[in-house]
1. Across 10 Å bins from the origin, how do the percents of Cα pairs in chain A run, short distances first?
2. Could you pull the Cα extents of segment A:373-463 along its three principal axes, largest to smallest, in whole Å?
3. Rank the residues B:Val295, B:Val164 as a footprinting-exposure proxy: fewest other Cβ atoms within 10 Å of their Cβ go first.
4. Where the Cα atoms of segment A:328-370 are projected onto their three principal axes, how long is each span, largest first, in whole Å?
5. Need one number: the % of Cα-Cα pairs in segment B:42-102 sitting beyond the 18 Å mark.
6. To the nearest 20 debye, what charge dipole does the protein assembly as shown have about its Cα centre, counting +1 at the Cβ of each Lys and Arg and -1 at the Cβ of each Asp and Glu?
7. Would you please give the residues with an amide H less than 5 Å from that of B:Glu443, counting only those at least 5 places away or on a separate chain, with H modeled from the backbone geometry?
8. Distance check, please: which entries in B:Lys14/B:Lys435; B:Lys240/B:Lys388; B:Lys14/B:Lys205 exceed 18 angstrom between their Cα atoms?
Amino acid sequence: MAELKTLNHHYKDMWVFPDAEDLAGLPAKATSLGKTRLLLWVTLILTVLGVVGFVMRASADGLSNYEPWGYYMAAFSFVFMVTAPAPLVSVAFRLIRSHWRRPLTRIAEIFALVGIVNFVLYIPLMLMIPEIANPNEIGHHSLDIRRTLWIQVPWGAPHFWETAAMFSLPLMSCLILLLSSTPDMSASIQYVTGAKKKLYIFLAGYWKGSKRQWLVMQAAIGALGGLYFLTLPFVQFLISTDLGMSLIAGWKDSIFPAIYTLMGFQTSLAAILIVLYVFRKWGGYERFIGASPFWSASKILLGLSLLWIYHMFAFFITFWYGRMEVEQNILNYLFVDSWFWIFILNALGSWLIPFGILVWNPVRRADWGAPLAGVFVLFGALMFNVRTFVGAFNAGREQIYDISITVVPPAVAPDIWDLFMLIGVIGLAGLVYLIGLKIFPVMNIWEIKEGAMYQKMGRLFRGNYLVLAKPE
Amino acid sequence: MQEGRILPPEQINKDLLNSIMSTPKWYWPAVGICSFIVLIAATVVAYMINKGLGITGLNRPVMWGFFITNFVFWIGISHAGVMLSAILRLAKAEWRRPASRAAEVLTIFSLMTAMTMPIIHTGRPWRSLYWFFPYDFARGIFPNIRSPLVWDPSAILTYLTSSVLFVFIALIPDFAILRDNTTGLKKIIYTKLAMGWQGNARQWKLQIVAGILLSALILPVFVSVHSIVSWDFGMAVSVKAWHSTVFAPYFVVGAVHSGVSAVIFVLILLRQAYGWHDYIRREHVEALCRLLIVVSTGWFYYFVMEIIFGIYGREADEVAIRTLQFTIYPWNYIMIIFIVTTYFLPIFLWSRKVWRRNLLIVSIACISVNIGMWLERYILFIPGQINKQVFTFTWANYTPSLFEGIIVLGTFALVTLLLLLFSKVMPLIPLYDIKEGDILKTEVQIGRRTVPATFRED
């Protein structure tokens, strides 16, 4: 690669300009992942522990009562929150034509495979969800049906519709992954062997790279992306209300689904940036991944962290101000009293620490800044899911048909099987993602090649600056 | 961007200072009409102060009607400035350049107009002083700082101050050009305003840094203003349709939606009125419409959340208000008109590129958004108050009076008048911003194609 000389104040590798030799070698490089055996074994062991935990919990408590499964729900929600919006990150940045997204789109799209895991993990939860109709006689302070978004209880609600919605997500995201990686698989056929070669020929053998094929592919990705963009918040809304909010009597919070959706984007971006950093630092992709994706994405991550505290404050002050008993009890339960320390960890991880890291411009410009903040973001999200869903599952089954919560329950610590399920679910997600990295080309070859055409350094007066082509 | 032609700086000065240096034929009649309407509205305000609030439709239980709806509407319009000027500057969007000044100025004038509404609404405006001074030292009655109604003025005044500062900093280079192109009293005034601007490297660097810093610092103010306005309603536990946690982001996104739509409409009018076809191009309008598709979809999401959770609680009184809003005349018609004009019609009109580039269609969409957003506030505030009390004998409808309608119309005329007067003394498109955009334009060769490109500023 040509030596980059710059007179301005950026790091030397803020933008990278792979030359023809680099680009020619990219298909071979992107399809051979290198040493991941240790990681695969670790995630496999974690998955096995998770299965053990699940089996032990199921044999002890069964699937008919949801209360012992709080940590399982928290683990599922955490993985869903992190992985489900990731394909959307790829589509969204592609739609707004930001050049810095090129190295990270495939990394984001491969999370679609974890969506299949999400669907499988979701199935036991559907078996546990309590009835909408109150099975007991209606008491003075009880409702005939519990608070739920299925207000008139239409046919199939909630099981059929929620399962259908959960199924549609990995279906769409896997299609996006397949479409986006078709040109790359086609270009890589000559560099792979064995079952992978057969798979690539099966999936991408028809690809000729004609203008029509390119146009159809991009239109299809756009259409699927738009559909995914409409479906995902709906599913996040279902998860956050039906499996969270509606299990705490009197918790009527219109901003909570928005917070859940927002955290989805925040955690997805964080996870993508961490993986991108690993590839740049240890994967040998520094000639294809400059510091600019981290710089640009760090501003978005900073904005999302600030949006988190904004939404949380809007919720808190509305609940706190009126001094209504039901709202005070919910605040005491989820924020101030029972789950206080988990909330503090949540706030530190989702807002304060990422804000403290990313507010500094030199840190944002460095390639390690955003991934470091991302680690804390993921931790904060885990705490959020533990606080919310373990709290919801353990608020007391007897009160879900009441008008409001009257007793503030204590927090529930995890036992050994909860911990196994927690690490097992995360391990399973990691395992599937690693398998995805082994199957699909890990860099978006065609987008990086396109970017190499559209970006260069140019001289303006006394400085060298980046020149971005705008063909649209 | 790629459709424009690069014009010499002298031509840019001549074109964009045209509104100041010469007066088109339509100008004074427009000022005259707006002034007349403002005068009528001021007369009605004076009459109302003399006769009392009884001449309006306000009465138990609906104490907040047209005036507060209009107040929130104009606060909403004011959010366009920061959106287009600050956020798009930080995002380095090239297509913000012709829109930023008009957006910032609309922000200031809509804030000023919005502030008149609660003062008029007091019925005895001189008593507004009690916001700042305690009433009767002997009784020790102080303004209740725990009330969102007291947070409002501090947030709005902070936003107004910072917006004025923002506009002024950006105007300094343009004042210098006006100083150099005028004579007599005008020259003296512009010289003072230009504050010694010479256009050397240090001054430009400071100006750019100030712009970026102000852009970043004004962002939390921008979010806080409409959030605090929303909490005027959201914190009220007594009005069932108002007590919702989503109000803050719902109001902010709605404000951006209505504000940016208003700015697009103003830009189209300016383009036609002053012949600024080389500066306000169809590609700018198209880019703004694409932004609005995202913003309006976000708004619709928050709107659906607000409606669903109104019914989710299964509280009889809140369900009754939603039933009123959706099924009882005239609220059901207002609801349909509001949803169609705020979201579905504009989205439909913005869905095709050829329509986004048609200025008439875009104008219709933008006017539709603002009609819908005014109705949104109306349908949000009034029905909840109608059934506020438990006793049905306290329930009463609200019928706005002619006087309230005239005053509301007067606010639209006031903002238009202020914009017209501004255009006579200061340029509505920042000259240096346009020139900077031209400097950053370049081309690259990709294969056999020559593709437009831009230098990235930093």
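1. 4, 19, 28, 24, 14, 7, 2, 0, 0
2. Principal-axis extents of the Cα atoms in segment A:373-463, largest first: 70, 38, 23 Å.
3. Lowest to highest Cβ neighbour count: B:Val164, B:Val295.
4. Its Cα atoms span 44, 14, 9 Å along the three principal axes.
5. That fraction is 58 percent.
6. Numbers: 74 positive and 52 negative charges, 652 e Å.
The dipole magnitude comes to about 3120 debye.
7. Those qualifying (amide H under 5 Å, at least 5 residues apart or on another chain) are B:Ala453.
8. Numbers: B:Lys14/B:Lys435 13 Å; B:Lys240/B:Lys388 7 Å; B:Lys14/B:Lys205 25 Å.
Listed pairs above 18 Å: B:Lys14/B:Lys205.
No lab work stands behind these numbers, since they all come straight from the coordinates. In this text, all values refer to a predicted model and were calculated from it rather than measured experimentally. All Cβ positions, even for glycine, are placed from backbone atoms using ideal geometry, and neighbour counts span all protein chains on display.
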